[in-house]
Ligand code: ADP
Ligand code: ADP
């Protein structure tokens, strides 16, 4: 099964009795091993699409499949299990825990994914090493540069060996050196076989992807077709 398959996905936000339609019937498929960039104007529904794909927000209608497993219609706890098994999520502003070390941030995520204490520590060390942060392992996130913090957040997102890595503007809060660092890292993870779907406003980041998907007004743009002869 593909890593992610969205079909006819609809989502309306309604925090205070004023409904805002965010997704109007989105179809999107991400194959295993693909690196897909999602672009589109602010407010077109990109973040909502990622949150629905991650099972962080329920879809109102349609189908959301992660590695073939349907999320729509599952209870919250069953959905959380599918999410823990298949999804890693990277946020624009890192969302790291400042009260613990870099290594502990990653180990905690591995524990949450169901690893035992020793396996979680080993997994955390392996990821911290893979992402070039071994010399920062004992430092708190505050001691790291922006690019290093986002690398740490990516290490954490990989703790459960996710089928799909989702990232919402992962370079949006970084200077150009930090953004470059993260761009190279996504390229390397992709080479290692990691499936990635990211939202970006940066043409440079999007250029690193296999495929660019454009969104507009709650819909993924239909592919352009040749006119019939
Ligand atoms: P993008 O990521 O492309 O900027 P979003 O998915 O954040 O788009 O937003 C799509 C639409 O849904 C926008 O009109 C936005 O204001 C609205 N929206 C997003 N999240 C919420 C929310 N939690 N409550 C209400 N409206 C929301
Ligand atoms: P982005 O363009 O990166 O999506 P936004 O500022 O649109 O950034 O959204 C940041 C967060 O706020 C998202 O999680 C989104 O769901 C939420 N959000 C966006 N619009 C609204 C809104 N009108 N009301 C409540 N939450 C919103």
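Just so you know, all these numbers are worked out from the coordinates, no wet-lab data involved. Quick caveat, the model's predicted, so the values are computed rather than measured. Glycine also receives a Cβ, built like all others from the backbone with ideal geometry; neighbour counts cover every protein chain displayed.
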Legend entry - the chain - Rg (one decimal) and Dmax (whole number), Cα, Å: 17.7, 65
Inset, instruction - Specify, per residue and in Å³, the volume enclosed by the convex hull of the alpha carbon atoms belonging to the stretch 14-64. - result: 95 Å³
Legend entry - Rg and Dmax of the stretch 124-229, Cα atoms only, in Å: 16.3, 65
Inset, instruction - Kindly rank 132-145, 102-115, 1-14 from highest to lowest mean number of other beta carbons found within 10 Å of each residue. - result: 102-115, 1-14, 132-145
Legend entry - For the chain, calculated [θ]222 nm from helices alone, where every DSSP H run of n ≥ 4 adds -39500 (n - 2.57): -10000 deg cm²/dmol
Legend entry - Pairs of Cα atoms farther than 13 Å apart, the stretch 1-41, %: 65 percent
Legend entry - Per residue Cα convex hull volume in Å³ - calculated over the stretch 75-173: 96 Å³
Inset, instruction - Could you please rank 31, 69, placing first whichever residue has the fewest other Cβ atoms within 10 Å of its Cβ? - result: 31, 69
Inset, instruction - Round to a whole angstrom and tell me the spacing of the C-alpha centers of the stretch 167-186 and the stretch 121-149. - result: 16 Å
Legend entry - Percent RCO, i.e. relative contact order, over the chain, from Cα pairs under 8 Å lying at least 6 residues apart: 29 percent
Inset, instruction - Take the alpha carbon atoms of the stretch 48-98, find their radius of gyration, then divide it by 2.2 N^0.38 Å using N residues; give the quotient. - result: 1.18
Inset, instruction - Quick one: grab the alpha carbon gyration tensor of the stretch 1-100, order the square roots of its eigenvalues as a ≥ b ≥ c, and give me rounded if a/c is under 1.5, else prolate or oblate depending on whether a/b is larger than b/c. - result: rounded
Inset, instruction - Output the peptides 86-93, 207-214 sorted from most to least packed, where packing is the average of other Cβ atoms within 10 Å over each peptide's residues. - result: 86-93, 207-214
Inset, instruction - Measure nothing but the geometry: give the 0 to 90° angle between the long axis through the Cα atoms of 76-86 and the longest principal axis through the Cα atoms of the chain, rounded to 10°. - result: 70 degrees
Inset, instruction - Could you state the orientation-averaged shadow area of the convex hull built on the Cα atoms of the stretch 142-200, in nm² to one decimal? - result: 3.9 nm²
